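Note sheet for the following structure.
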Amino acid sequence: MTRRVGILGGGQLARMMALAGLPLGLRFSLLDPAPDACAGQLAPLRKADWNDTQALAAFAESIDIATFDFENVPAASLDVLAARVPAWPGRDALATAQDRLVEKTRFNALGIPTPGFMAVDDRAGLDAAARALGLPAILKTRRLGYDGKGQFRLRGEADLDAAWAALGEQAPRVGLILEAFVPFRRELSVVAVRSRTGEFAAWPITENWHVEGVLSASLAPADVPEPLAREAIGHARRLADSLDYVGVFALELFDAGDRLLANEMAPRVHNSGHWTIEGARTSQFENHLRAILGWPLGDTGARAVSCMLNFLGEVPEAAAALAVPGLHLHDYGKAPRAGRKVGHATLCADTAEELVQGLERAGQALGRMAQVAPVVEKLRSC
Ligand code: AMP
């Protein structure tokens, strides 16, 4: 029987899910408010608003199982689908990940340490939180923030007015949270998967570099001591079990030297797991589908050493990119626009030295020396 998978959201994550699922005999349908959502190039796309209950119900009639590629899908939209077909990951996971305060409270309850945090409801609350947590700190919206948007860094007390001017008026709508600033050594993520049967697996830990809050490069497997890797994966497992999570998710962590602090979870396939398409035995996209369908999970082991480079704004010329040995190109089929995630490349190599050579070639050929530099430096220092 052909299984029809419905995805709320039709962006690049839905697109890569469809690319992974078509060989498994799956068929895809998408629902997205944007008529030109890029996964629509591969599967039928229904254009509708997230709160269009009629459209959601009609969509549910056309599919056997539902998932999403975007964590800001309203939980109520998922409910409309879940009343008719299995919908994964479930509401608890979605609602938890949509609110930074709920999420961090849950992490702490599970024994997963986080940066210090406090809810901020008004200007007096900001002053109180700054006094309690100390500065520097970061004021963030609780809901609807992503890729570093909806955030203000406070260096000292002189920034309190500016922080409130930047985000205060959003407080009634999306809520605010103040987080202590963590002088971390590096950013790591655990991309993991839990299936309907409770089977759990994690890919090797990934190290990530961000530029202006947006992921720029990922390296996997990260050079992480075994006890630290076990701790990180243990956090991910406890979180997944407590949410009765089904599907792939990412847990973003700060490596603060002597401890790991959890920043946030993404209840979906994740940009820091794109390297798994070519760099792991089973990709995050395939395992997400296996998990929600209750099929056995595939091996999450790394095939090689991989580095993923994000392309923001525009994708390099295919011929120039493909001239770099070991480079795999992913063009999401999106119109170029400043700052937009439009594609990525993954370089795979058998050894760290080979990966350094590949990255240097890619950096030169694509004019991206600054983007590859921190990864090259890391590989050289290992
Ligand atoms: P987020 O949207 O929470 O993932 O934040 C985007 C980026 O801001 C992170 O990837 C970090 O580089 C930085 N950041 C966020 N929270 C903190 C924090 N509490 N301390 C230091 N840096 C942070």
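For the residue pairs LYS149/LYS341; LYS140/LYS334; LYS140/LYS378, alpha carbon separations beyond 22 Å are given by LYS140/LYS334; LYS140/LYS378. Compared with the direct C-alpha span, the chain from THR2 to GLU377 gains 130.2 nm at full extension, assuming 0.36 nm per residue.
Overall, the accessible surface of the chain at a probe of 1.4 angstrom is composed of carbon and sulfur to the extent of 50 percent. Show me, for the stretch 204-217, the HN-Hα J-couplings you get by feeding each phi into the Karplus relation (A = 6.51, B = -1.76, C = 1.60, θ = phi - 60°), rounded to Hz, glycine and proline as x. In residue order, the calculated couplings are x, 4, 10, 9, 10, 10, 10, 10, 6, x, 10, 4, 10, 8 Hz. Applying the criteria of a DSSP loop state and at most 16 other Cβ atoms within 10 Å to the GluC sites (Glu not before Pro) of the stretch 140-235 yields GLU199, GLU212.
Under a Cβ-only charge scheme (Lys and Arg +1, Asp and Glu -1), can you give me the dipole magnitude of the stretch 20-151 about the Cα centre, in debye to the nearest 20?
On the way: 14 positive and 16 negative charges, 71 e Å.
Using only the charged Cβ atoms, the result is roughly 340 debye.
Our summary gives the chain a relative contact order of 13 percent, counting only alpha carbon pairs under 8 angstrom and 6 or more residues apart. Shape of the stretch 171-240 from the C-alpha gyration tensor: oblate (a/c of 1.5 or more and a/b not above b/c, with a ≥ b ≥ c the square roots of its eigenvalues). Which shape class applies to the stretch 1-129: rounded if a/c is under 1.5, otherwise prolate when a/b exceeds b/c and oblate if not, where a ≥ b ≥ c are the square roots of the Cα gyration tensor eigenvalues? In terms of gyration-tensor shape, prolate. When a/c is below 1.5 the answer is rounded, else prolate if a/b is larger than b/c, else oblate, so apply that to the chain with a ≥ b ≥ c taken from the square roots of the Cα gyration tensor eigenvalues. Note, shape of the chain comes out rounded. Based on Cα contacts under 8 Å between residues 6+ apart, the stretch 144-245 shows a relative contact order of 21 percent.
Residue-wise HN-Hα couplings along the stretch 76-82, as the Karplus relation 6.51 cos²θ - 1.76 cosθ + 1.60 with θ = phi - 60° gives them from phi, are 5, 5, 5, 4, 4, 6, 5 Hz; Gly and Pro carry x.
Please work out the average accessible area per residue across the chain, using the 1.4 Å probe convention, and give it in Å². Don't skip to the end; give the middle numbers.
Working: 15740 Å² over 382 residues.
Ligands and nucleic acids excluded, the result is 41 Å² per residue.
Helical content alone sets the calculated 222 nm signal of the chain at -9500 deg cm²/dmol, taking -39,500 (n - 2.57) per DSSP H segment of four or more residues and averaging over every residue. Evaluated with a Cβ-only charge set (Lys, Arg +1; Asp, Glu -1), the chain carries a dipole of roughly 500 debye about its Cα centre, given to the nearest 20.
The values are calculated or read from the model by the stated rules, or taken from the named source; none is laboratory data. Source: prediction; values computed, not measured. Every residue, glycine as well, gets a Cβ built from its backbone with ideal geometry; the counts of neighbours run over all protein chains shown. The accessibility values were calculated without ligands, DNA or RNA, using every heavy atom of the protein model including side chains. Shrake-Rupley method; radii C 1.70, N 1.55, O 1.52, S 1.80 Å.
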